[in-house]
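S.K.: Structure incoming, see below.
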Amino acid sequence: MNAESTNLYIVDDDIQICDLLKAYTCDEFNVIAQQSAKAFLNCPINDSDIVLLDLKMPDMDGVEVIRELANINKKCSLLIMSGYDEGVLHSSVQLAKEYGLNIITSFSKPIKFSYLMNILMRIKVLNTSNNSDVIDTLPKVNSINNVTPDKAYVLRNAIHFKPTLAELIDAIKQQHLVLYYQPQLSLQQKKVIGVEALVRWHHPEYGVIFPDQFIALAEQSGVIEQLTAQVITLAIEQLKLWNQQNLVLKISINISAQNITSFTLPDQLTRLVNENKVDPSMLMLEITESALMTELTTSLNILTRLRLKGFKLSIDDFGTGYSSLSQLHRVPFTELKIDRTFVSGMLKSTESKAIVDTCILLGHNLKMEVIAEGVEDQETLNLLQNMGCDNAQGYVISKPLPIAQFEKWINDFHRNID
Ligand code: C2E
Ligand code: CA
Ligand code: CA
């Protein structure tokens, strides 16, 4: 389903590292592992390719490789890794910048895989989205004298950007927060039944900023109330537009712990759905198990009122928190979302598969629909269908997309099915 593929070169003489990195990235990238720097330099490297380069190679050191890449004028996205200290990495990054290479960042070994994957996905999104909304957010300030914006510059800043509270508040006011939509597929009916709305910050200078860089700040500072209000408004406006197009899709949004300790949420939601003439059952509120644990009585009160008003409730990241089974029964959830750590481990670990199995059974016995998140390959998707899971979400179906791309995606999807 996900046809586009970006080449990822892994250049490391350590075969175990090559194998590990390959196993971790091969669902998303066309991986070419090279244990020799010279062999790598003979490859037909394109500008849209990503190169993960180890600084210490037996036949040529990393600095030589960097110089050679500059000589042959390669504009691929370059990430360097090394077992050396930070100082060596820093100097190599500086050197690559001076040579005009598209150096994105550096990693010291051992590499944190989830962090690496996050960065690789951002590069892929930026590289494969020619005229999309993403490119529209590239820096205008950096394109003086009609010089095209430098993607590496944008990515570097976006990855290392740590917003201040003032910047975050300003972004909410200026409406720089946008929703990306990730489809949810019914495994039995083979059709798209809804989306999860995931917030992104379209920064005027740094491009797309991901929620892991600002949700915690919003939660700690209390700004999450305004942020969630903005997300809800955007989601309900989108539901209204889809209504007008006769497109029947539920939207799931993420609700933080603080949102269910303040009594404003049910009234605010009800007012917005009424104003926009939207059916509240088309909105699903995702709450994590851990969010339930704070001020249990208040949150139970609020969640029950939300259900009475017709909204749907999903228990997110299920299996990672510590809610007791009796609480699960007390809160009127309509959906159970199995955490992606179990889903992505299902094929290799019998324990993960057993947990997924149990979650499906539990959800169904409690009259909930069960959705699996983080489905990254077709084999897992098939297995989930055979196990009786209702719905699925994950990269194998589609990554989260900006609205224009999502609407194109769903048109193509329906056309292929008919
Ligand atoms: P989450 O609720 O668990 O959302 C799913 C995350 O998994 C998303 O990351 C999504 O892009 C990613 N994902 C989707 N499919 C796959 C897959 O197949 N494999 C893997 N490995 N990952 C997949 P994203 O968009 O970066 O969001 C991260 C987290 O930020 C979310 O985790 C959620 O907790 C939080 N978040 C996002 N939007 C909002 C929001 O509007 N409000 C609040 N309070 N939190 C939000
Ligand atoms: Ca979620
Ligand atoms: Ca989740």
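The values are calculated or read from the model by the stated rules, or taken from the named source; none is laboratory data. In this text, all values refer to a predicted model and were calculated from it rather than measured experimentally. Cβ sites come from the backbone with ideal geometry, for glycine too, and all protein chains shown count toward neighbours. Note: areas computed on protein heavy atoms with side chains; ligands, DNA, RNA excluded. Shrake-Rupley method; radii C 1.70, N 1.55, O 1.52, S 1.80 Å.
S.K.: With r defined as the distance between the Cβ atoms of residue 108 and residue 279 and R0 fixed at 41 Å, what FRET efficiency is calculated, to the nearest 0.05?
M.R.: Plugging the Cβ-Cβ distance into 1/(1 + (r/R0)^6) gives 0.20.
S.K.: Work out from phi, with θ = phi - 60° and the Karplus expression 6.51 cos²θ - 1.76 cosθ + 1.60, the ³J(HN,Hα) of each residue of segment 267-276, listed in order in whole Hz, and give x for Gly and Pro.
M.R.: Taking θ as phi minus 60°, the curve returns 5, 4, 5, 5, 4, 5, 5, 5, 4, 9 Hz for segment 267-276.
S.K.: Per residue, how many Å² of accessible area does the chain show with a 1.4 Å probe?
M.R.: 46
S.K.: To the nearest Å, what is the center-to-center distance of segment 1-61 and segment 267-342, using C-alpha atoms only?
M.R.: 43
S.K.: What's the ranking of 367-376, 386-395, 29-38 by average number of surrounding C-beta atoms within 10 Å, highest first?
M.R.: Packing proxy ranking, top to bottom: 367-376, 386-395, 29-38.
S.K.: What does a probe at residue 348 reach in segment 95-129, counting residues whose amide N is under 17 Å from the point 7 Å along Cα→Cβ?
M.R.: 111-118
S.K.: Quick check: the angle from helix 224-244's long axis to the longest principal axis of the chain, C-alpha only, nearest 10 degrees?
M.R.: So the helix axis and the longest Cα principal axis differ by about 80 degrees.
S.K.: Which aspartates and glutamates have a Cα less than 18 Å from the Cα of residue 277, not counting those fewer than 8 places away in the same chain?
M.R.: Within the straight-line limit of under 18 Å, residue 277 reaches these aspartates and glutamates: 237, 267.
S.K.: Moving on to the next point. Return a whole-number percent for the relative contact order of segment 5-123, with Cα pairs under 8 Å and 6 or more residues apart as the contact set.
M.R.: About 22 percent, as a whole number.
S.K.: How big is segment 154-193 on each of its three principal axes, counting only the C-alpha atoms and giving the largest first in Å?
M.R.: Largest first, segment 154-193 extends 46, 25, 14 Å along its Cα principal axes.
S.K.: While we're looking at this one, here's another question. Based on the alpha carbons, how large is the Rg to Rh ratio for segment 329-418 when Rh follows Kirkwood?
M.R.: Value, to two decimals: 1.03.
S.K.: Further, regarding this structure: I'd like the carbon and sulfur percentage of the solvent accessible area for the chain, probe radius 1.4 Å, heavy atoms only, ligands and nucleic acids excluded.
M.R.: Working: 9920 of 19420 Å².
Exposed carbon and sulfur together represent 51 percent of the surface.
S.K.: OK, next. At a threshold of 8 angstrom on Cα-Cα distance, excluding pairs fewer than six apart, so keeping six or more, what relative contact order does segment 162-417 reach in percent?
M.R.: Result for segment 162-417 is 18 percent.
S.K.: Compute for segment 6-132: radius of gyration divided by Kirkwood radius, i.e. Rg/Rh, restricted to C-alpha atoms, rounded to two decimals.
M.R.: Values: Rg = 13.4 Å, Rh = 14.5 Å.
Rounded to two decimals, Rg over Rh is 0.92.
S.K.: Apply the Debye scattering formula to segment 223-341, with a single equal point scatterer on each alpha-carbon and no solvent, then give log10 I(q)/I(0) at q = 0.10, 0.19 Å⁻¹.
M.R.: Relative scattering, expressed as log10 I(q)/I(0), comes to -0.29, -1.01.
S.K.: Viscosity 1.002 mPa s, temperature 20 °C: what is the translational diffusion coefficient of the chain from Stokes-Einstein with a Kirkwood Rh over Cα pairs, rounded to a whole number of µm²/s?
M.R.: Working: Rh = 23.2 Å.
My calculation gives 92 µm²/s for D.
S.K.: What spacing in nm lies between the two simple spin-label points modelled at residue 5 and residue 85, each 7 Å away from Cα in the Cβ direction?
M.R.: 4.2
S.K.: In whole angstrom, note down how far apart the Cα centers of segment 101-129 and segment 204-252 are.
M.R.: 25
S.K.: So if R0 is 30 Å, what FRET efficiency would residue 366 and residue 411 give, r being the distance between their Cβ atoms, rounded to the nearest 0.05?
M.R.: 0.25
S.K.: At 0.36 nm per residue, minus the direct Cα-Cα distance, what do residue 240 and residue 60 gain on full extension? Give it in nm, one decimal, please. Could the numbers behind the result be given before it?
M.R.: Numbers: separation 180, 0.36 × 180 = 64.80 nm, distance 5.93 nm.
Taking 0.36 nm per residue and subtracting the Cα distance, the gain is 58.9 nm.
S.K.: Relative contact order for segment 320-418: what percent, with Cα pairs under 8 Å and sequence separation of 6 or more?
M.R.: Taking the mean separation of contacting Cα pairs over the length of segment 320-418, I get 24 percent.
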